[in-house]
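Down below is the structure, laid out as structure tokens.
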Amino acid sequence: MRGGGGRFSSAALLATLGVLFSAAVMAGPGRADAREAPPEIVTLGTMAGPMANPLRGQPATLLHWAGGMILVDAGDGTVEQMARAGFDSVPLKTVVITHIHADHIGGLFALLSRRYQLMDPPITIYGPPGTQALVAGLVAAMEPLKLTSPALPGAPLRPPADGVKVVEIGDGAELTIEGVSVRAVANKHYLTDSNAPDSAQAQSLSLRFELPGRSVVLTGDTGPSEPVIALARGADVLVSSILDLDAAVAAIRASRPNAPAAFYNAARAHFAQHHLSPEAAGQLAQSAGVKRVVFTHIGITPDRMKAAKAELKKTWKGPVVFAHDLGRY
């Protein structure tokens, strides 16, 4: 390719090299032909919360089917996890954010800035109220990249904002994304005053995707919630978060050993109301009548896993798997 004045555009060259390198990485042995593969859930990152963990990455889940893919949440390291799972991020057209917490959005800047530098096709980001402001901030942070752009003088340079579109969605949203019907409900994750004037802006979403031949519901982060039960009714797969309340409170105690007992009690009450314990997660799955449960966003330490599974069995005896990073389900 040649830019204005007959000179090669280094931006185009870099983009071409990026595609070639990506193709080389993705062409490894054992990669299934996407045209023949049934819809699958790829758990790119399965850690709960923003804490760094050597075994689990930050939350990100890829829904993949013949002819399309949607990334749900983009925690830190998502682009690298996609590569490790055998997926190139260049064809990715859609990201859906469940809520604006650091562990669910930490990888967005890397995703967007990489696409800008390599001149990848535009991408659309769906998310709750506040997503527009979030992405606008990330785009503003990309402006200095223009000063060190790989493009030679005379080559066209796309403004960072031209590479991303934002669509804000909220409670009750029904839409079609890449030919897939999607529904969203506000769940019970945020601790907000419903009487506050901006309470409607603080929404954490649970999502249902009607993939070809397979219905998938992602709870996102939530506590026990009747709207989420209704959303998940009869789903083929429930992808649910899960949190060990005892371990969560123990972590609080370790970080703040001198806090009054009332503080620890309040912390436990918060976790119980705005997250899903193993028993509560099982009850949600049972009440919704789902066919299978895949747990991700796992807030359970390895030494507590046996106890958590025992607690889960009190309310859910159906098929279940505790996902690991790069798992396919």
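Taken together, the values in this text are just the output of simple stated rules run on the coordinates, not laboratory data. The structure presented is a predicted model; accordingly, all values stated were derived computationally and were not measured. No Cβ is skipped: glycine too gets one built from the backbone with ideal geometry, and neighbour counts run over all protein chains shown.
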Charge sum, other residues only, whose C-beta stays under 15 Å from Ala102's C-beta, Lys/Arg counted +1 and Asp/Glu -1:
-4
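Taking neighbour counts of Cβ atoms within 10 Å as a proxy for exposure, in what order, fewest first, do Glu311, Glu40 appear? Before the final figure, lay out each step's value.
Working: Glu311 21, Glu40 18.
Ranked by crowding around the Cβ, least crowded first: Glu40, Glu311.
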Per-residue HN-Hα couplings for region 310-321, Karplus 6.51 cos²θ - 1.76 cosθ + 1.60 at θ = phi - 60°, whole Hz, x for Gly and Pro?
5, 5, 4, 5, 5, 10, 9, 10, x, x, 8, 9
If we sort 203-211, 131-139 on the protection proxy, mean other Cβ atoms within 10 Å, highest first, what's the order?
203-211, 131-139
What's the exposure ranking of Asp221, Asp73, Asp246, Asp120, going from fewest to most Cβ atoms within 10 Å?
Asp246, Asp120, Asp221, Asp73
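Test of understanding: ordering Met51, Met82, Met305, Met69 by Cβ neighbours within 10 Å, fewest first, what list do you get?
Met51, Met305, Met69, Met82
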What is the Å³ per residue value for the convex hull set by the Cα atoms of region 229-273?
74
Roughly how far apart, in whole Å, are the Cα centres of region 102-120 and region 213-249?
27
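Can you give me the relative contact order of region 52-164 as a percent, contacts being Cα pairs under 8 Å and 6 or more apart?
So the answer I get is 23 percent.
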How much length, in nm to one decimal, is gained on full extension between Ala266 and Asp171, taken as 0.36 nm per residue of separation minus their Cα-Cα distance?
31.4 nm
Going residue by residue through region 246-251, the Karplus relation 6.51 cos²θ - 1.76 cosθ + 1.60 with θ = phi - 60° gives ³J(HN,Hα) values, rounded to whole Hz and with x marking Gly or Pro, of 4, 5, 5, 5, 4, 5
